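Student: Starting off with a structure, shown below.
The values are calculated or read from the model by the stated rules, or taken from the named source; none is laboratory data. Being a predicted model, the structure only gives us computed values, none of them experimental. All Cβ positions, glycine included, derive from the backbone under ideal geometry; neighbour counts span all protein chains shown. Heavy atoms of the whole protein, side chains included, go into the accessibility calculation; ligands, DNA and RNA do not. Shrake-Rupley method; radii C 1.70, N 1.55, O 1.52, S 1.80 Å.
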Amino acid sequence: MASILIIGRIPPPVGGVAVHVKRLTDSLRRQGFPFEFYDYGKEPLFSLLLKILRHPVIHIHFSNPRAQLIFAVFCKLTFKKLIITYHGCWGRYGWLGNYAVRFSARLAHLPIVQEHTSLKQALRQNPRACEISTYIYDVHVEPLPAELQNEVWLLRTHYKAIFCTNAWNVTFDKYGREIYGISELIARFEGQPEFLLLISDPSGNYRSYIETSYPHIPGNVFFITGLHDFRSVLLHSDAFIRNTTTDGVSLSVHEARELGIAVLASAAVARPPFCYVFEDFSKTDLEKSLEEARRLITLPGEMNNTVAELTALYRSVLNVR
């Protein structure tokens, strides 16, 4: 009987957390590691309750701090060992959300965070807290539809370079700012007609949102909607822009690194050394930053084996070899 219950969502819809969960569960199946999965977006609640009863260890992947706290309280009362992966940077919510994050970490058996600043805070709540990246490499890249590929190739001939970015949905931070900063990117590229911006927008919601602000979207801004593999967009690009106001371990940043695509990233959180980091994209020189980002992406660096770290952690929590 499987001893680990993993709770999360897998695409669709597309999002960093859902992609991580899918790659994790696929990797565990390939390894033959025993676990059971519950997709809270597709399965009924009574199914979750039955699965919880059968498993001593539960690993959750959802970002709502209140839901994390409720689940942590429930597991504490039912003597289940709870592992929580916090996919975002600690401190990104309002005071109530941040309190819920801290309290759920205290109640959990083991909190997992994404970067060192969050780890320092998490260790104050729970000495078992650890840092494990959510990035899991996937060798298979699903190509864009042939018609769309041809359209992008034709666009390439008209521009000096192609930049890309992505947003799984229109979301805002605790200060009311766009988390993915797409409006700011469009405003910047409107004044740089020699460069093309591809926007991966699988839900189509960002294009609708932008159309309320831009009656005429600039000609050098191209939205790619519908379900698609973002890595196929990266392969058509010279650089990836991560213009976020808050972040965890951005899967797209590491996917770009795997493919050798230059990365420009906001200074919202600590970024890997292969990124060109900017403070204010509206004041960033695109040509010079692209040149520097291309240099940085060639620097050697270490890659984490997230699945190996998690399976070792699972065995430790289960007290098995």
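Student: Tell me, how many Å apart are the Cα centres for segment 217-263 and for segment 1-76?
Tutor: First find each Cα centre; the distance between them is then 27 Å.
Student: Quick one: accessible area per residue over segment 281-321, 1.4 Å probe, rounded to a whole number of Å²?
Tutor: Each residue of segment 281-321 exposes 67 Å² on average to a 1.4 Å probe.
Student: Which of rounded, prolate or oblate describes segment 146-298 when judged by the alpha-carbon gyration tensor and an a/c cut-off of 1.5?
Tutor: rounded
Student: How many nm separate the modelled label positions at Phe46 and Asn305, each set 7 Å beyond the Cα in the direction of the Cβ?
Tutor: With each label point 7 Å from Cα toward Cβ, the separation is 4.4 nm.
Student: While we're looking at this one, here's another question. Return the lysines within reach of Lys80: Cα separation strictly under 29 angstrom, same-chain partners fewer than 8 residues apart disregarded; answer none if there are no such residues.
Tutor: Correct list for Lys80: Lys22, Lys42, Lys51, Lys120.
Student: A follow-up question, please. Starting from the Cα gyration tensor of segment 245-288, take the square roots of the eigenvalues, sort them a ≥ b ≥ c, and report rounded, prolate or oblate (rounded when a/c is under 1.5, otherwise prolate if a/b is larger than b/c, else oblate).
Tutor: Working: a/c = 2.31, a/b = 1.22, b/c = 1.89.
Judged from the Cα gyration tensor, segment 245-288 comes out oblate (a/c at least 1.5, b/c at or above a/b).
Student: Same structure again: Are there any trypsin sites (Lys or Arg not before Pro) in segment 1-73 that are in a DSSP loop and have at most 12 other Cβ atoms within 10 Å? List them by number.
Tutor: Values: sites: Arg9, Lys22, Arg23, Arg29, Arg30, Lys42, Lys51, Arg54, Arg66; in loops: Arg9, Lys42.
When the trypsin sites (Lys or Arg not before Pro) of segment 1-73 are filtered for loop state and at most 12 Cβ neighbours within 10 Å, Lys42 remain.
Student: For segment 286-310 and segment 129-161, what is the centre-to-centre distance using only Cα atoms, to the nearest Å?
Tutor: 16
Student: To continue, here is another question. Loop sites only, by DSSP: take the chymotrypsin sites (Phe, Trp or Tyr not before Pro) in the chain that have at most 16 other C-beta atoms within 10 Å and name the longest stretch containing none of them.
Tutor: Formally, the longest exposed-site-free interval is 176-321.
Student: Share of the chain's accessible area from carbon and sulfur, percent, 1.4 Å? Can you show the working numbers first?
Tutor: Numbers: 8570 of 15380 Å².
Carbon with sulfur: 56 percent of the solvent-accessible area.
Student: Normalised by the residues of segment 202-289, what does the relative contact order come to in percent, with Cα pairs under 8 Å and at least six apart? The partial results should precede the final answer.
Tutor: Numbers: 88 pairs, mean separation 18.2, N = 88.
With pairs under 8 Å counted, the relative contact order is 21 percent.
Student: Let me check against my output: what whole-number percent is the relative contact order of the chain, with C-alpha pairs under 8 Å and at least 6 apart?
Tutor: On the way: 566 pairs, mean separation 46.6, N = 321.
Answer for the chain is 15 percent.
Student: Here is a further query. First measure r as the distance between the Cβ atoms of Leu155 and Asp285, then evaluate 1/(1 + (r/R0)^6) with R0 = 30 Å and state the FRET efficiency to the nearest 0.05. Working shown, then result.
Tutor: Numbers: r = 23 Å, r/R0 = 0.76.
Once the sixth-power term is evaluated, E becomes 0.85.
Student: Next up: Is segment 68-191 best put as rounded, prolate or oblate by its Cα gyration tensor, with a ≥ b ≥ c the root eigenvalues, rounded for a/c under 1.5, and otherwise prolate when a/b is larger than b/c, oblate when not? Walk me through the numbers on the way to the answer.
Tutor: Values: a/c = 3.06, a/b = 2.08, b/c = 1.47.
Prolate is the answer for segment 68-191, as a/c is 1.5 or above and a/b outweighs b/c.
Student: What Kirkwood Rh does segment 222-263 have if only Cα atoms enter the pairwise 1/r average? Answer in Å. Show your work: numbers first, answer last.
Tutor: Numbers: mean 1/r = 0.0902 Å⁻¹.
It works out to 11.1 Å.
Student: Straight-line reach from Lys160: which aspartates and glutamates have a Cα under 20 Å away, not including same-chain ones fewer than 8 places off?
Tutor: The reachable aspartates and glutamates, counting only those whose Cα sits under 20 Å from Lys160, are Glu151, Glu190, Glu194, Asp238, Asp285, Glu287, Glu291, Glu292.
Student: Please tell me the relative contact order of segment 146-298 in percent, rounded to the nearest whole number, where contacts are Cα pairs under 8 Å and at least six residues apart.
Tutor: It comes to 22 percent, rounded to a whole number.
Student: Report the paramagnetic label zone for Thr78: residues of segment 11-41 whose backbone N is under 17 Å from a point 7 Å from Cα along the Cα-to-Cβ axis.
Tutor: 36-41
Student: Antiparallel DSSP bridges in the chain: what percent, to the nearest 5? Let's see the in-between values first.
Tutor: On the way: 1 of 38 bridges.
Taking every DSSP beta bridge within the chain, about 5 percent pair in antiparallel fashion.
Student: Here's something else I'd like to know. Provide the percentage of antiparallel DSSP beta bridges, counting only those with both residues in segment 146-298; round to the nearest 5.
Tutor: Numbers: 1 of 21 bridges.
Roughly 5 percent of the beta bridges in segment 146-298 run antiparallel, per DSSP.
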